[in-house]
Amino acid sequence: MIAVIDYDAGNIKSVEKALLHLGQEVYITRDKDTIRSADHVILPGVGAFGDAMGKIRSYGLEPVIRDVVEKGTPFLGICLGLQLLFEESDETPGVTGLGLLPGRILRIPDQEGLKIPHMGWNSLDVRAGASLFKGIEEHPYVYFVHSYYLAAENEEDVAASTFYSTKIHASVEHGNIFACQFHPEKSSAVGLKILDNFVHFEKR
């Protein structure tokens, strides 16, 4: 059973649809017991960093997220969900993130000819052996929608990178923690394979 954490962020239904397509049992929920008992947990989201952390804290979800990560449940952050796993964001100075991994969220630098938000398909440079990308072609294209990007502190956590005005850490893996700045649920067959790799992670 997969728990998709509901904290009033956007894009949750498209994640559910992709997982149902893969034949998974999915619950969109903020029920603490359901999240703690899930086989896999996903933190999706589109929105603002500060608002999202406010909602997570107001719903009492921060300790629940820490519990599932600490007990080894495979955990996937998507888009804003990736950013919330880190310490802080330029989008909302003074608001702390979950701090599960070291790194900062920075605004994509302006560059002539490039639009921000970054919306569209970019290819990835994938680290050899990255679990989310098992069985996927080299330099796959995935779909992004974001104005802020991850600069991870630990290079060994970075599973995939891309370049848009600057080098962007597009996916991370650390133990049972996984995250993607891009939207696998909107990234066609490649994205479905990434989600499928995640939901089968514990069975390897």
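The values are calculated or read from the model by the stated rules, or taken from the named source; none is laboratory data. Quantities reported herein were computed from a predicted structural model and do not represent experimental measurements. Here the Cβ positions follow ideal geometry from the backbone for every residue, glycine too, while neighbour counts run over all protein chains shown. What goes into the accessible areas is simple: the full protein's heavy atoms, side chains included, and nothing from ligands, DNA or RNA. Shrake-Rupley method; radii C 1.70, N 1.55, O 1.52, S 1.80 Å.
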From the options Glu173, Glu156, residue that is without any contact (Cβ under 8 Å) to a residue 24 or more places away in the chain, farther than 26 Å from Lys115 by Cα and in contact with a strand residue (DSSP E or B) (Cβ under 9 Å, 6 or more places away or on another chain): Glu156
Lone qualifier among Leu98, Leu43, Leu22 - being touching a strand residue (DSSP E or B) at 6+ places or on another chain (Cβ under 8 Å) and hydrophobic (A, V, I, L, M, F, W, C): Leu43
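Can you confirm whether Val64 is more than 21 Å from Tyr143 (Cβ to Cβ) and touching a Ser or Thr at 6+ places or on another chain (Cβ under 6 Å)?
no
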Among (1) surrounded by fewer than 18 Cβ atoms within 10 Å (Cβ to Cβ); (2) in a strand (DSSP E or B); (3) not acidic (Asp, Glu) - the single one Ile168 does not satisfy: (1)
Where Ser89 falls short, out of the listed (1) more than 13 Å from the chain's Cα centre (by Cα); (2) under 24 Å from Ala3 (Cβ atoms): (2)
Residue in segment 10-56 that is least open to solvent (accessible area, probe 1.4 Å), counting only those that are part of a loop (DSSP other than H, G, I, E, B) and over 25 Å from Ala189 (Cβ atoms): Ala38
Output for segment 61-78, where each listed residue is open to solvent by less than 30 Å² (accessible area, probe 1.4 Å) and touching a helix residue (DSSP H, G or I) at 6+ places or on another chain (Cβ under 7 Å): Val64, Val68, Pro74, Phe75, Leu76, Gly77, Ile78
Residues (free of Cβ contacts under 8 Å to residues at least 60 places away in the same chain and either open to solvent by less than 20 Å² (accessible area, probe 1.4 Å) or in contact with a Ser or Thr (Cβ under 9 Å, 6 or more places away or on another chain) (or both)) located in segment 79-95: Leu84, Glu87, Glu88, Ser89, Glu91, Val95
